[in-house]
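**Q** The structure's right below; bear with me while I get my questions together.
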Amino acid sequence: MTLVRKAAPPEYRQSRAARPMLDASEISAKATNMRANGSVTDAEFKTVMRQVVSSVAIVTSRAGKIRNGLTATAVCSVSAEPPTMLICVNRRATAESIIAESGAFAINFLTQDQHQIARLFSTSKLSGEERFAEGKWEALVTGVPVLDGAAAAFDCQVEECHLSGTHHIYIGRVVAATSLDQHALLYRDGSFRRLAAIV
């Protein structure tokens, strides 16, 4: 396991079911309609986004004794200098208020063998503590839960928060990170998938 730590987190600032595949003619017709209207509906946007392959991450946070998290694919790096990550969190997500209160979050990229953890954190009826039923969780710098055995994990201190539509975009300075040489879990078109080499 590789562990990287960075001291002195910066100050927190804040600003304000699977669908059937379309055939070629339907896709062409929808594309023509989108160009004619000059806009894309939320349903059209979601249909297109289902074809994008994403890594699967668990975003976690803790405020006092309360911890929670969510399964996320809207996660990416922002900068290496300084090391910074970005997450997009729906404002209705139960974990969102904990991230806002604590000013910290962790991004845990899952291995292909950790798909059950992804399912736990994407089940809305479960409590925060029930979502942590699987896996070994530890703390690095900020105190938020970090998954031991994740393919990669980033412990982040919130630097900025921006409102965009239904989501808050959080930008966090990485204050600690771990990684393992493991196959990452992927997500596309409503299903978890494995990474395979092209021969």
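The values are calculated or read from the model by the stated rules, or taken from the named source; none is laboratory data. All values derive from a computational prediction rather than experimental measurement. Cβ sites come from the backbone with ideal geometry, for glycine too, and all protein chains shown count toward neighbours.
**Q** With (1) farther than 19 Å from R62 by Cβ; (2) buried (at least 17 other Cβ atoms within 10 Å of the Cβ); (3) out of contact with any helix residue (DSSP H, G or I) (no Cβ under 8 Å at 6 or more places or on another chain); (4) of a type outside the set (F, W, Y) as the list, and A184 as the residue in question, which single condition is left unmet?
**A** Every listed condition holds for A184 apart from (3).
**Q** Step by step: first the residues of the range 162-172, then only those that are buried (at least 20 other Cβ atoms within 10 Å of the Cβ) and out of contact with any Lys or Arg (no Cβ under 8 Å at 6 or more places or on another chain), then the one that is nearest to P83 (Cα to Cα). Which residue is that?
**A** Keep residues of the range 162-172 that are buried (at least 20 other Cβ atoms within 10 Å of the Cβ), which gives 168, 170, 172.
Next, only the ones that are out of contact with any Lys or Arg (no Cβ under 8 Å at 6 or more places or on another chain) stay: 170, 172.
Details: Y170: 14, G172: 9 Å.
Out of the qualifying residues, it is G172.
**Q** Please work out if T166 is within 14 Å of G69 (Cβ to Cβ), in the same structural domain as N90 (by TED's automatic domain parsing), at pLDDT below 95 and of a type in the set (S, T, Y).
**A** Values: within 14 Å of G69 (Cβ to Cβ): no; in the same structural domain as N90 (by TED's automatic domain parsing): yes; at pLDDT below 95: yes; of a type in the set (S, T, Y): yes.
Here the answer is no, as T166 does not meet what is asked.
**Q** Could you pull out every one of the strands (runs of 3 or more DSSP E) wholly within the range 57-149 that has 1 or more residues that are of a type in the set (D, E) and either in contact with a Leu (Cβ under 8 Å, 6 or more places away or on another chain) or in the same structural domain as C161 (by TED's automatic domain parsing) (or both)? Please lay out each step first, then the result.
**A** Values: elements: 57-63, 66-72, 75-80, 83-90, 104-109, 136-138, 146-148.
Strands (runs of 3 or more DSSP E) meeting the threshold: 136-138, 146-148.
**Q** What's the number of the condition A18 fails, among (1) among the hydrophobic types (A, V, I, L, M, F, W, C); (2) at pLDDT below 55; (3) surrounded by 12 or more Cβ atoms within 10 Å (Cβ to Cβ)?
**A** That leaves (3) as the condition not met.
**Q** Okay, moving on. Could you tell me whether F121 is surrounded by 16 or more Cβ atoms within 10 Å (Cβ to Cβ) and out of contact with any helix residue (DSSP H, G or I) (no Cβ under 6 Å at 6 or more places or on another chain)? Talk me through it step by step, then tell me what you get.
**A** On the way: surrounded by 16 or more Cβ atoms within 10 Å (Cβ to Cβ): yes; out of contact with any helix residue (DSSP H, G or I) (no Cβ under 6 Å at 6 or more places or on another chain): no.
In short, no.
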